[in-house]
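One structure is given here, and the rest of the page talks about it.
Only the coordinates and a few stated rules stand behind these numbers; no lab work does. All values reported here derive from a predicted model rather than from experimental measurement. Neighbour counts are summed over all protein chains in view; Cβ atoms, including those assigned to glycine, are modelled from backbone coordinates with ideal geometry.
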Amino acid sequence: MTAPKGPTLTVVSNSKGDAATSAPRVLQPNGWPMPKGYANGMTADGRIVVTGGVIGWDAEEKLKPDFTSQVRQALQNIADILAEGDAKPEHLVRLTWYVVDMEEYLDNLKALGQAYRDIFGAHYPAMALVQVVRLVELAARVEIEATAVVPR
């Protein structure tokens, strides 16, 4: 019998002490200014939990009436999805926000920040914010994708 050719997979077990090293960690280059409300980069080692685009509707698929309420509900929906995957907000490594009106986002920063902290606490992963022409659900004002990494 010949040995297989090509790459092989090696599984390395983590001891309890390795959990801290695999927890999500902020990447902040020396000399760069500290970002406010997000991280420049994140690193983590573990099990990935990914959401689709999450909008601000409730369990009956009814959208909240205004932008800030939709954001709060979308963030809560993400927290609920994370919990379903045995993840927590502190495991988030990336959020991508899609908004239909950038001015609406900028005009509501204080309320958005409060909603974010109420649901996710003071954990700020890498984030991107993109203005789009529209979302699939026409009355939706925001859609957010999330990626979390649960330490091994």
> Taking amide H positions as placed 1.01 Å from N in the peptide plane, with prolines and chain starts having none, which residues 5 or more places from VAL142, or on another chain, fall under 5 Å of its amide H?
Replying inline: GLY56
>> Please enumerate, by chain and number, the aspartates and glutamates with C-alpha under 18 Å from the C-alpha of LYS62, excluding those fewer than 8 residues away in the same chain.
In response: ASP80, GLU137, GLU143
>> I need the calculated FRET efficiency for the pair ASP107 and LEU138, taking r as the beta carbon distance and R₀ as 22 Å, to the nearest 0.05.
In response: 0.55
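Given only helices, namely DSSP H runs of n ≥ 4 each adding -39500 (n - 2.57), what is the per-residue ellipticity at 222 nm of the chain, to the nearest 500 deg cm²/dmol?
Numbers: 4 runs with 40 residues, N = 152.
Here the helix-only value at 222 nm equals -7500 deg cm²/dmol.
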> Binning every alpha carbon pair distance of region 45-90 at 10 Å from zero, what are the percents per bin?
Replying inline: 28, 48, 20, 4
>> Translational diffusion coefficient of region 30-116 at 37 °C, 0.692 mPa s, Stokes-Einstein with Kirkwood Rh over Cα pairs, in µm²/s as a whole number.
In response: 225
> So what are the ³J(HN,Hα) numbers for region 132-143, from phi and the Karplus equation (6.51, -1.76, 1.60; θ = phi - 60°), rounded to whole Hz, Gly and Pro as x?
Replying inline: 10, 5, 6, 10, 4, 7, 4, 7, 6, 9, 8, 9
> Reported to two decimal places, what Rg/Rh ratio describes region 99-140 when computed on Cα atoms with Rh from the Kirkwood expression?
Replying inline: 1.01
> Ranked from highest to lowest mean number of other Cβ atoms within 10 Å per residue, what is the order of the peptides 53-60, 34-41?
Replying inline: 53-60, 34-41
> Expressed as an acute angle from 0 to 90° and rounded to the nearest 10, what is the orientation of the C-alpha long axis of helix 67-84 relative to the principal long axis of the chain?
Replying inline: 30
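If we sort 73-86, 131-144 on the protection proxy, mean other Cβ atoms within 10 Å, highest first, what's the order? Please report the intermediate quantities before stating the final value.
Working: 73-86: 17.7, 131-144: 15.3.
Peptide ranking by packing, descending: 73-86, 131-144.
Using only the C-alpha atoms of the chain, find the volume of their convex hull and express it per residue in Å³. Walk me through the intermediate numbers first.
On the way: hull volume 28.8 nm³, N = 152.
It is 189 Å³ per residue.
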